Every structure is written in C-alpha cells, then in structure tokens.
2 protein chains.
Amino acid sequence: MKLSTKGRYAVTAMMDLAIHDTDGPVTLSDISNCQGISLSYLEQLFAKLRQAGLVDGVRGPGGGYRLGKPPQLISVADIIMAVDESIDSTRCKGNLDCNKGERCLTHHLWNDLSDQLYDFLNEITLSEFIKNPEVRKISQRQDTTASRIANMFPPRSIAS
Amino acid sequence: MKLSTKGRYAVTAMMDLAIHDTDGPVTLSDISNCQGISLSYLEQLFAKLRQAGLVDGVRGPGGGYRLGKPPQLISVADIIMAVDESIDSTRCKGNLDCNKGERCLTHHLWNDLSDQLYDFLNEITLSEFIKNPEVRKISQRQDTTASRIANMFPPRSIAS
DNA sequence: TAATTCCTTACTAATTTACTAGGGATTATA
DNA sequence: TATAATCCCTAGTAAATTAGTAAGGAATTA
C-alpha cells in the first residue's frame with residue numbers, strides 16, 4: 001500500500017466520474033482543467049485505470065470516460081492499487097541474515113499494519129461520495145463538468 | 001497524508017525502538033543491518049524524528065535511540081507526518097477558476113478522505129505492537145536487537 | 001585516550017513523478 | 001464524406017523525491 005499524489009489524482013478523478021456518472025462521460029480535458037494536471041499525464045493514469053477495469057473509454061465527440069463498474073464496487077483501495085504500484089516491504093530477503101534468518105519482526109508488523117490500511121481503504125467505495133447529501137448539495141451548487149458538457153450542445157439537441 | 005517507503009522505514013524503525021525500549025537504546029547500525037537501509041539515510045530520518053520529539057538520542061558507546069514519549073502516545077500518523085512531508089491537495093488555488101471559483105468538489109472530498117485516513121492511523125499507537133502477545137512471542141524467538149545489545153556487555157554488568 | 005555512538009552538512013546517484021510531443025483510432029455531427 | 005472531438009499509444013525529458021556516499025564534529029563510556 002502506497003499513497004502519493006499520483007494516487008490522489010486518480011482518486012479525485014474517479015470521484016469526478018462517480019458524481020457525474022449519470023450525466024454521460026467525463027472528458028479528461030475537463031479533469032485536467034479542474035485539477036491542474038497535464039492532459040497527457042491523466043491519459044497515462046487512465047490507461048492504468050482502464051486496464052484495471054475501473055473505467056471505460058468512450059471515443060468521439062461527446063465521449064470521455066465513465067465508470068467501468070457500479071460505484072459501490074469500486075473502492076479507494078482499488079483505485080490506488082491500479083495506479084500506485086505498491087512498495088515491496090521485503091528488503092531483507094533472507095540474504096541479510098537479519099535476526100538469524102527469520103524475517104524481520106518489524107516487517108511482519110508492517111505487513112499487519114499495511115493489511116489493516118488496505119482493509120480500511122477497501123471499505124470506502126465511490127458510492128459513499130455520491131450518497132452523501134452534503135456532497136450532492138455542493139455538486140449541484142457548482143458549474144459541474146456535466147453542465148459544461150451540456151452547454152456544449154444547443155438546447156434542442158438535448159430536448160430531442 | 002502521504003505514505004511512501006520513507007514512511008515505512010520510519011514506522012518499522014520506531015516499532016523496533018518500541019519493542020526494545022525497556023532494554024536500552026537501539027543503535028542505528030543495528031536497524032541499518034536489519035532493514036537494509038544505509039546508515040546515513042537512517043540518520044537523516046532520525047533527525048526528523050528527533051525534531052518531532054518522537055525519539056531521544058543517546059551518545060557514546062552503548063548509546064543509540066530510544067522513544068521520546070511513552071509508546072501509547074506515539075501514533076503511526078505521528079511518525080509518518082514527521083518524515084513524509086504531506087502532499088498539498090490544493091492545486092487549483094482559485095486561480096484556475098475551477099467550477100466558478102469554488103474549490104473543486106473532489107478536493108473537498110479528498111480532504112474528507114484524507115482526514116479519515118489520518119484519524120485511522122492516529123488511533124494506532126506503538127503500544128499496540130508491544131502488547132500483542134503474538135508479537136511478544138515472535139520477538140522472543142528471534143535474536144533481537146535487544147539481545148545483541150545485551151551480548152555486548154558481560155553478564156555481571158547486567159546483573160548489577 | 002580511544003572507541004563508539006549520535007549529529008550535521010554537502011554532494012551525488014537512482015528512482016519516481018510529471019510533463020511534452022507526436023501521432024493514430026474511433027465516432028458524432030455537419 | 002469531411003471535420004472535429006475525443007480516446008489511445010509511444011517515446012522522450014524535466015523535475016522532484018528517495019536513497020546513498022563522504023567527511024567530519026560532538027558527546028560519552030571504558
């Protein structure tokens with residue numbers, strides 16, 4: 001389990017998708033503008049998210065990305081694992097003769113802690129962020145990605 | 001909240017100190033050997049841990065580091081915060097006009113999540129690792145840093 | 001005094017993060 | 001069909017962080 005800005009980018013981007021999932025695909029350029037990350041870097045992150053089955057790409061005008069699964073099946077841990085390659089906690093691989101060949105006690109403890117952290121983040125799914133009524137309120141108050149997409153099309157084409 | 005190998009080094013090192021706290025100071029060279037980290041890098045990490053008041057240095061032969069507070073007052077979050085400078089989650093600082101000047105919704109959500117993560121790691125203290133009976137067993141089964149330190153002194157000086 | 005340890009600084013190597021550039025593939029719309 | 005918008009892919013590079021090397025000083029024990 002590792003947690004860096006890379007992981008944060010992925011999580012916030014996925015939050016964006018989750019919140020606007022019912023309003024059609026979200027474009028990377030929207031996320032890029034909103035979060036101040038370069039478009040191409042986002043594309044690289046989303047390549048990993050796509051490989052993990054967490055998002056689906058929709059090409060062409062009006063396209064973008066949408067969630068690859070129902071939001072209640074996508075945990076924060078899933079997202080972080082997809083983009084933040086985990087750290088190897090086994091540095092003393094028997095060779096170092098650390099503590100008479102036994103694996104370092106602290107490594108054992110670290111793994112326990114790391115597992116707990118994983119379980120914690122695995123219980124938090126994207127659906128939490130949608131359900132929260134306060135979140136909804138904030139979401140509606142803002143000029144969201146969804147509404148900006150909507151504005152791209154003339155009223156008639158939406159009504160039809 | 002950020003979590004990298006750097007933070008793991010610090011946490012496992014502090015676990016080591018906590019487990020052997022009653023047996024006198026733990027030297028960095030012991031930790032260096034056990035965990036396969038360079039001595040000088042450990043020294044840099046411990047400089048930060050010392051600044052945060054999490055450890056006390058004891059100079060001279062037989063010296064080393066010991067906990068700066070009782071283990072039940074040192075949380076995993078404390079340790080990580082001391083060495084892993086936290087990430088700034090506010091990239092769109094109003095300038096980007098993200099969502100009509102409002103702070104990005106996802107940043108708000110991220111901060112909530114980050115706070116939850118902090119609270120989680122802040123409730124896990126070093127005393128957990130000492131109390132755990134299985135941990136004690138493993139600790140005693142191994143040639144621990146403590147016993148290696150003990151072996152440095154002749155039996156009589158321990159008895160006295 | 002000599003050895004052992006912490007303590008500090010400066011520099012460098014390795015790795016990861018983030019970005020730039022260029023192009024291709026797909027698709028909605030005109 | 002043409003065009004534009006989007007995803008998609010690769011290669012390279014800049015910036016930041018992580019990790020290590022080197023050198024020495026300060027405190028303390030024996």
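The values are calculated or read from the model by the stated rules, or taken from the named source; none is laboratory data. All values reported here derive from a predicted model rather than from experimental measurement. Every residue, glycine as well, gets a Cβ built from its backbone with ideal geometry; the counts of neighbours run over all protein chains shown.
Annotations for the structure displayed:
Results for (1) under 30 Å from B:Ile31 (Cβ atoms); (2) facing chain B (nearest Cβ under 9 Å); (3) modelled with pLDDT under 50, shown as yes or no for each residue.
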{"position": "A:Val76", "(1), (2), (3)": "no, yes, no"}
{"position": "A:Cys92", "(1), (2), (3)": "yes, yes, no"}
{"position": "A:Asn111", "(1), (2), (3)": "yes, no, no"}
{"position": "A:Gln142", "(1), (2), (3)": "no, yes, yes"}
{"position": "A:Ile149", "(1), (2), (3)": "no, no, yes"}
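- If only residues of region B:42-59 that are under 30 Å from A:Leu121 (Cα atoms) and touching a helix residue (DSSP H, G or I) at 6+ places or on another chain (Cβ under 8 Å) are counted, the one that is surrounded by the most Cβ atoms within 10 Å (Cβ to Cβ) is B:Val55.
- Count of residues meeting criterion [outside any helix (DSSP H, G or I) and either of a type in the set (Val, Ile, Thr) or near DNA strand D (Cβ under 8 Å from one of its atoms) (or both)] in region A:30-62: 9
- Annotation note: Cβ proximity below 9 Å between a residue of region B:113-124 that is β-branched (Val, Ile, Thr) and a residue that is crowded, with 17+ Cβ neighbours inside 10 Å (sequence gap 6+ or interchain) occurs for B:Ile124/A:Leu113; B:Ile124/B:Ser75; B:Ile124/B:Val76; B:Ile124/B:Ala77.
- Condition met for B:Tyr65 (at pLDDT 95 or above, within 15 Å of DNA strand D (Cβ to nearest atom), surrounded by 16 or more Cβ atoms within 10 Å (Cβ to Cβ) and not in a helix (DSSP H, G or I)): yes
- Search result, residues across region B:4-29 that are touching a Gly at 6+ places or on another chain (Cβ under 9 Å) and either in a loop (DSSP other than H, G, I, E, B) or modelled with pLDDT under 95 (or both): B:Gly24, B:Pro25, B:Thr27
- The set of residues in region A:1-11 being over 16 Å from A:Gly53 (Cα atoms) and within 12 Å of DNA strand C (Cβ to nearest atom) consists of A:Lys2, A:Leu3, A:Ser4, A:Thr5, A:Lys6, A:Gly7, A:Arg8, A:Tyr9.
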